[in-house]
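Take a look at the structure set out below.
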Amino acid sequence: MIADVVFDLPLRHPLSYRVPDGLALGPGQRVRAPLAGRTRVGIVVGVRRDEADGLKSLDSAVEPVPVLSAAMIEIGRWAAEESLSSLGGTLAAMLPPLPRGDTRESLAPPPEPSRAAGPPPELWVDTRREARLAERLGSEKGTSLVIAPDIEAAARWAERLDAARLDSGAPEVARRAAWFGASRGRARIVVGTRSALLVPLPPPATLVLLDEHDPAHKPPGAPRMHSREMLVERARREGSRLVLLSATPSVETWWRADNRHVHRQDAAPVPWPEVVTADTRGILRNHPLTLPLTRAIEEMARRDRPTALVVTREAAALGCDECGAAFRCPDCGVALALSRSERRLSCRLCSRTDPLPTVCPGCGGHRLSPFGWGAERVESSLRKRFPQLSISRAPDARLDPHVQVLIGTTGLLRGAPPGRFGCVGFVALDALLRVPDFRAGERAFAALWAAAEAVGPNGRVIVQTLHPEHYAIRAVREQSRATFYASELTFRAELGYPPFCRLCLLSIRGRDEEGARALVTESEGILRGIPGLTVYSAAARGAAGARRPLWRFAIKGPAELPRLVAEPLRRLLERRRRASGVVEIEMDPLSLA
DNA sequence: AGCACGCCGACT
DNA sequence: GTCGGCGTGCTC
């Protein structure tokens with residue numbers, strides 16, 4: 001007997017081993033195998049009756065039963081192909097922890113799912129979506145798998161749903177028990193992060209994705225695919241019900257709902273807070289707060305309600321202080337990225353580069369500045385203005401009920417229950433809108449809407465901006481999602497962004513300038529030979545003359561983009577560490593940064 | 001990803 | 001003469 005085994009290595013094919021007599025093995029089982037002089041854990045993806053002449057023998061099985069069903073391996077294979085990653089590396093990111101020491105566990109083999117066609121995915125956007133989920137899962141038939149964007153959210157939801165945890169925030173023994181318990185159908189609800197996407201569940205299963213729009217669902221590293229896409233594919237293949245939760249879904253998911261591939265439950269209007277804009281003209285030069293926001297902080301302090309001030313990290317784009325316009329790429333519509341050291345503006349998508357301008361082309365204004373109100377500056381200014389208030393910009397101050405003013409990025413609003421804040425102030429929304437990325441508007445909209453939900457109907461959202469009529473602000477003020485998505489989809493369609501195409505990012509880290517250039521030229525040449533692609537020209541990232549120069553370029557193509565580039569780029573991606581450098585590819589990047 | 005083999009500069 | 005630098009290729 002021969003077992004084909006994949007490892008957490010960038011190998012395109014499984015490696016074959018002799019199965020020792022008496023060892024019963026099946027696909028999805030973890031094994032210890034000799035590899036390059038050491039013992040490593042791999043996962044069996046196939047067993048054959050062939051002669052094992054000349055092959056090394058497997059050492060042992062890690063568990064007496066498979067951890068993955070054949071159906072889950074197939075989803076892993078699909079994800080690996082779509083993301084141009086190895087199967088072994090992809091699967092390794094979605095397995096339960098290894099047993100430690102002597103364990104006396106009762107382990108169930110994984111169930112194979114049904115292959116019946118299921119309902120289309122559902123999208124819940126209304127304000128009561130989370131409360132409704134908690135109610136519904138309690139009475140749902142079968143097992144429910146809830147995927148959270150991060151460990152913190154997983155912990156919160158496991159508590160709320162009285163569910164077992166599969167994420168790495170829980171002790172390993174408990175995670176293993178939850179994994180095999182869910183496989184056996186013993187658990188009613190399990191909660192995890194992306195590492196739990198392949199836990200086998202007996203049908204009928206319900207799959208849930210929390211905060212569908214959250215970029216944490218596709219962090220760097222394996223599996224290099226958005227959890228939403230994994231779950232949509234899984235639900236389609238096994239006929240599971242899939243529920244996507246988000247007040248502000250990704251534009252991609254909204255578009256699918258427009259096209260009836262996702263069933264969107266329309267939300268009736270609910271009592272909504274005041275969303276007011278405050279004009280920052282002439283203010284932000286010296287002070288971060290307009291009068292309305294100053295008043296609001298004072299009022300909230302009197303009413304003993306906390307205020308959150310949302311700031312951005314550092315400026316990455318250039319804007320006009322007079323009219324608020326950002327310098328944008330005329331072809332791509334995204335804000336041009338500012339490089340101070342090289343004194344130029346460049347487009348992250350097409351690599352167009354301009355010298356630093358001195359005059360705003362829109363209004364002729366001469367006061368051009370990067371957006372400069374980070375948390376630190378806002379804090380010191382606030383302490384001077386409100387010496388009697390308790391002010392904090394510590395990330396964990398989110399949970400401290402005594403802090404009266406919290407300063408932080410949009411992360412402050414993550415997981416905030418309704419009414420957590422009396423007021424949320426956006427110190428400079430324009431800085432969010434100017435981020436050099438075509439998803440800047442989407443992220444600003446999500447943050448504004450999250451702020452409105454976090455202050456509740458009796459609270460207030462104050463948006464300091466020079467663009468009070470921007471569609472993202474208008475949509476939140478009017479509690480009208482349709483307003484935002486209609487405008488955003490028009491913008492995406494006109495300039496040819498997702499969901500109307502697929503993007504892919506090629507990063508090249510050269511050993512030196514010469515090596516980087518050689519690899520860039522080679523990969524560009526390969527890609528330009530493929531019909532149907534738009535290959536943007538490459539640009540150097542980071543400081544000039546860096547030891548390891550980083551070049552990057554974007555590729556735009558149709559839905560079958562991964563299959564179009566996989567074969568031509570194979571050699572380049574495989575021969576990883578070469579004299580000249582390393583080539584890496586990222587399909588469907590969430591950010592062009 | 002490791003790790004081992006293989007071909008060019010400064011040492012006990 | 002060797003020790004060791006990393007570039008290249010392989011791992012069943």
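The values are calculated or read from the model by the stated rules, or taken from the named source; none is laboratory data. Computed from a predicted structure; not experimentally measured. As a convention, Cβ positions derive from the backbone with ideal geometry for all residues, glycine included, and neighbour counts pool all protein chains shown.
The strands (runs of 3 or more DSSP E) found entirely in the stretch A:1-80 that carry 3 or more residues being surrounded by fewer than 16 Cβ atoms within 10 Å (Cβ to Cβ), more than 8 Å from DNA strand C (Cβ to nearest atom) and touching a residue at least 12 places away in the same chain (Cβ under 8 Å) are A:38-48. For the stretch A:535-593, residues that are basic (Lys, Arg) and at pLDDT 85 or above total 4. Just to verify a result, which residue in the stretch A:460-479, among those that are touching a helix residue (DSSP H, G or I) at 6+ places or on another chain (Cβ under 8 Å) and in a loop (DSSP other than H, G, I, E, B), is farthest from A:Thr280 (Cα to Cα)? For the stretch A:460-479, the residue satisfying everything is A:Gln479.
The number of residues in the stretch A:40-54 being within 12 Å of DNA strand B (Cβ to nearest atom) and either in contact with a Pro (Cβ under 7 Å, 6 or more places away or on another chain) or not assigned by TED's automatic domain parsing to the domain that holds A:Leu68 (or both) comes to 0. Taken together, A:Ala475, A:Ala486 contain a single residue that is at pLDDT 95 or above and either crowded, with 17+ Cβ neighbours inside 10 Å or closer than 23 Å to A:Val276 by Cβ (or both), which is A:Ala475. Restricted to the stretch A:11-39, and to residues there that are within 23 Å of A:Val199 (Cα to Cα) and either outside the structural domain of A:Ser86 (by TED's automatic domain parsing) or in contact with a helix residue (DSSP H, G or I) (Cβ under 9 Å, 6 or more places away or on another chain) (or both), the residue that is farthest from DNA strand B (Cβ to nearest atom) is A:Gly26. Candidates in the stretch A:492-506 are the residues that are part of a helix (DSSP H, G or I) and exposed (fewer than 15 other Cβ atoms within 10 Å of the Cβ); of these, the one that is farthest from the chain's Cα centre (by Cα) is A:Glu494. Taken residue by residue, the stretch A:118-139 has no member that is more than 18 Å from A:Ser246 (Cα to Cα), of a type in the set (D, E, K, R) and either touching a Ser or Thr at 6+ places or on another chain (Cβ under 9 Å) or surrounded by fewer than 15 Cβ atoms within 10 Å (Cβ to Cβ) (or both).
Condition check ((1) free of Cβ contacts under 8 Å to residues at least 24 places away in the same chain; (2) surrounded by 22 or more Cβ atoms within 10 Å (Cβ to Cβ); (3) in contact with a helix residue (DSSP H, G or I) (Cβ under 6 Å, 6 or more places away or on another chain)) across all residues:
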{"position": "A:Thr277", "(1), (2), (3)": "no, yes, no"}
{"position": "A:Arg281", "(1), (2), (3)": "no, no, no"}
{"position": "A:Arg295", "(1), (2), (3)": "yes, no, no"}
{"position": "A:Thr307", "(1), (2), (3)": "no, yes, yes"}
{"position": "A:Ala317", "(1), (2), (3)": "no, yes, no"}
{"position": "A:Cys323", "(1), (2), (3)": "no, no, no"}
{"position": "A:Pro330", "(1), (2), (3)": "yes, no, no"}
{"position": "A:Arg340", "(1), (2), (3)": "no, no, no"}
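For the stretch A:335-388, residues that are assigned to a loop (DSSP other than H, G, I, E, B) and within 22 Å of A:Val310 (Cα to Cα) total 7.
Tell me, please, whether a residue that is assigned to a loop (DSSP other than H, G, I, E, B), surrounded by fewer than 22 Cβ atoms within 10 Å (Cβ to Cβ), out of contact with any strand residue (DSSP E or B) (no Cβ under 9 Å at 6 or more places or on another chain) and among the aromatic types (Phe, Trp, Tyr) can be found in the stretch A:250-258. Looking for residues that are assigned to a loop (DSSP other than H, G, I, E, B), surrounded by fewer than 22 Cβ atoms within 10 Å (Cβ to Cβ), out of contact with any strand residue (DSSP E or B) (no Cβ under 9 Å at 6 or more places or on another chain) and among the aromatic types (Phe, Trp, Tyr), one finds none in the stretch A:250-258, hence no. Does A:Gly118 satisfy the criteria of being at pLDDT below 95 and in a loop (DSSP other than H, G, I, E, B)? So A:Gly118 fits the description; yes.
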